[in-house]
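Okay, structure first, notes after.
The values are calculated or read from the model by the stated rules, or taken from the named source; none is laboratory data. All values derive from a computational prediction rather than experimental measurement. Counting neighbours? That spans all protein chains shown, and the Cβs are built from the backbone with ideal geometry, glycine included.
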Amino acid sequence: MHLRIVLNILLIWCAASCTTPSPTPNPSDAQLQRQALETFDAALARPALEKTVTDFAALREAVDGWARAAQGQDAQALTSAKAAFETAFLTWQRVELLQLGPLGAATQVTAGEGLRDEIYSWPTTNLCRVDSALVANTTPDDAYFATALVTSKGLAVLEELLFNQSTANACLPNATINTNGSWAMLAGSPALQERRKAWALGVARHLEATARRARDGWSAPGGFGDKLTQAGAMGSVWRTPKDGLDDVYAGLFYADRWVKDFKLGAPAGITPACMAQSCPALAESPRAGLSTKALVENLVMTRAIFTGSFEQTSSAVGFDDLLVERGAGALKDEMLQKLDAAVAAARALQRPVAVAATEDLDGLQALHAAVKAFTDLFKSQFVTTLSLKVPKEGAGDND
């Protein structure tokens with residue numbers, strides 16, 4: 001009887017004080033996490049945003065040259081503007097992975113301002129809205145861009161204005177500008193090209209201004225970058241450095257949702273967005289044909305964020321070092337191998353995604369599989385090993 005009482009007392013005492021203690025952050029983990037944030041900010045994010053401003057300024061200057069050139073004497077100016085667009089567009093494809101802070105969605109990441117969609121809203125666009133504005137002779141000034149939906153401004157719109165030199169529009173046949181004859185009247189006059197030039201210049205100016213806002217919001221003293229590298233410090237909006245890495249991971253999730261699903265899965269007929277064998281019309285960059293080059297830049301930036309550097313081997317601190325710190329060196333090696341294979345497959349495609357969806361569907365689907373091999377690990381073992389928070393857009397996504 002006494003023994004039973006003693007045992008009961010011991011059980012009660014153990015229930016209160018013998019439970020497994022909650023894991024406490026390892027100081028070395030926190031230090032390495034902070035180093036990873038510092039590397040991400042200084043070596044990747046700031047230089048990418050600075051280059052974007054430089055290239056968007058050159059793009060605006062080139063479009064201005066085209067807008068000023070007289071019809072019939074503007075072919076070379078248009079060629080220069082297209083070349084500047086390609087440079088700026090591919091520079092932006094690396095920044096696409098930085099969807100946090102000024103570029104991140106306000107409802108999804110800390111201090112998000114949604115500037116990414118101001119610059120590039122793809123895959124959601126409304127080019128018909130721009131053609132309707134051409135008919136209405138709307139002035140593409142600051143007042144317009146301050147209120148217009150993101151789907152009718154940005155890089156996708158500028159691509160259409162620069163690379164579509166036909167007299168066709170992007171609206172459905174039953175759209176008002178087609179049924180009332182207003183587009184046909186504009187298309188048959190020199191005014192169409194002049195209005196396209198004016199609109200292209202307005203869009204280019206807005207792109208440059210928005211890129212500067214993003215750069216300054218991140219890189220100015222006391223800006224987002226400074227705050228991110230102080231994650232976990234007293235007064236920080238992030239309780240721990242790991243919380244800051246959660247936002248970096250949310251941006252990195254672009255590789256799964258946009259690259260795998262939108263850029264590859266949809267045109268390759270793999271996702272529900274396409275109900276046919278393939279859907280070339282769902283490919284990115286339909287006019288300039290830069291979709292495959294964009295994929296390469298997306299994946300190269302993904303690797304750089306994973307390792308902390310664009311170099312193949314580097315001492316920079318990245319997510320790969322955090323895996324090693326947790327004893328997951330084998331997982332790090334496997335993820336790098338899968339990611340390098342995906343980059344190599346993207347480089348090997350050598351044709352726009354829309355063309356590959358028709359002429360090399362097997363190759364396009366193989367590239368999708370190569371990217372998926374990486375993102376499958378990225379959404380499972382990688383998350384659990386580093387205790388990362390999956391963003392809302394990735395919750396429940398098991399494909």
Check: From the list ALA77, ALA88, which residue is more than 26 Å from TRP258 (Cβ to Cβ) and in a helix (DSSP H, G or I)?
Finding: ALA77
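Pick out the one residue from ALA281, ALA304 that is assigned to a helix (DSSP H, G or I), closer than 21 Å to LYS260 by Cα, over 18 Å from the mean Cα position of the chain (by Cα) and at pLDDT 95 or above.
ALA281
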Item checked: Scan of the range 3-62 for residues that are among the small types (Gly, Ala, Ser), at pLDDT 55 or above and either farther than 30 Å from THR229 by Cβ or not in a helix (DSSP H, G or I) (or both), ordered by number -> ALA62
Note to self: Residues that are within 26 Å of GLU86 (Cβ to Cβ) and of a type outside the set (D, E, K, R): list the helices (runs of 4 or more DSSP H) wholly contained in the range 149-200 that include at least 3 such residues.
What the structure shows: 155-163
Check: Among the candidates ALA273, ALA304, ALA288, which residue alone is assigned by TED's automatic domain parsing to the domain that holds ALA354, in contact with a helix residue (DSSP H, G or I) (Cβ under 7 Å, 6 or more places away or on another chain), among the hydrophobic types (A, V, I, L, M, F, W, C) and free of Cβ contacts under 8 Å to residues at least 24 places away in the same chain?
Finding: ALA273
Notebook entry, point to check: Restricting the search to the range 218-238, which residues are of a type in the set (A, V, I, L, M) and touching a residue at least 40 places away in the same chain (Cβ under 8 Å)?
Noted result: LEU228, ALA231, VAL237
Check: Restricting the range 321-336 to residues that are without any contact (Cβ under 8 Å) to a residue 12 or more places away in the chain and of a type in the set (A, V, I, L, M), which is surrounded by the fewest Cβ atoms within 10 Å (Cβ to Cβ)?
Finding: ALA330
Margin query: Restricting to the range 91-112, give me the number of residues that are of a type in the set (A, V, I, L, M) and over 22 Å from SER309 (Cα atoms).
Written below: 4
Note to self: Restricting to the range 63-74, name every residue that is assigned to a helix (DSSP H, G or I) and either on the phi > 0 side of the Ramachandran plot or surrounded by 14 or more Cβ atoms within 10 Å (Cβ to Cβ) (or both).
What the structure shows: VAL63, ASP64, GLY65, TRP66, ALA67
Item checked: Close pairs from the range 93-114: first touching a residue at least 40 places away in the same chain (Cβ under 8 Å) and closer than 11 Å to TYR254 by Cα, partner buried (at least 20 other Cβ atoms within 10 Å of the Cβ) and among the basic types (Lys, Arg), Cβ under 7 Å, at least 6 apart -> GLN99/ARG116
Check: Out of the residues in the range 224-244 that are within 19 Å of GLY318 (Cα to Cα) and small (Gly, Ala, Ser), which is surrounded by the fewest Cβ atoms within 10 Å (Cβ to Cβ)?
Finding: GLY232
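I need the full set of residues from the range 156-183 which are loosely packed, with under 14 Cβ neighbours inside 10 Å and either in contact with a Ser or Thr (Cβ under 6 Å, 6 or more places away or on another chain) or among the small types (Gly, Ala, Ser) (or both), in order please. Let's see the steps before the verdict.
First, pick out the residues of the range 156-183 that are loosely packed, with under 14 Cβ neighbours inside 10 Å: 165-168, 172-174, 176, 179-181.
SER166, ALA168, GLY181, listed by residue number.
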Margin query: I'd like the residue in the range 67-87 that is among the hydrophobic types (A, V, I, L, M, F, W, C) and in contact (Cβ under 8 Å) with a residue 60 or more places away in the chain and, out of all such residues, is farthest from ARG287 (Cα to Cα).
Written below: ALA67
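Here's the yes/no breakdown for (1) within 18 Å of PHE89 (Cα to Cα); (2) among the β-branched types (Val, Ile, Thr); (3) under 25 Å from the mean Cα position of the chain (by Cα):
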{"residue": "GLU118", "(1), (2), (3)": "yes, no, yes"}
{"residue": "ALA133", "(1), (2), (3)": "no, no, no"}
{"residue": "LEU158", "(1), (2), (3)": "yes, no, yes"}
{"residue": "GLU194", "(1), (2), (3)": "no, no, no"}
{"residue": "GLY202", "(1), (2), (3)": "yes, no, yes"}
{"residue": "LEU207", "(1), (2), (3)": "yes, no, yes"}
{"residue": "ALA220", "(1), (2), (3)": "no, no, yes"}
Notebook entry, point to check: Does LEU98 satisfy the condition of being part of a loop (DSSP other than H, G, I, E, B), assigned by TED's automatic domain parsing to the domain that holds THR167, touching a helix residue (DSSP H, G or I) at 6+ places or on another chain (Cβ under 9 Å) and at pLDDT 95 or above?
Noted result: yes
Item checked: Pairs, first part of a helix (DSSP H, G or I) in the range 119-145, second among the aromatic types (Phe, Trp, Tyr) and surrounded by 17 or more Cβ atoms within 10 Å (Cβ to Cβ), C-beta under 6 Å, six or more apart -> VAL135/TRP183
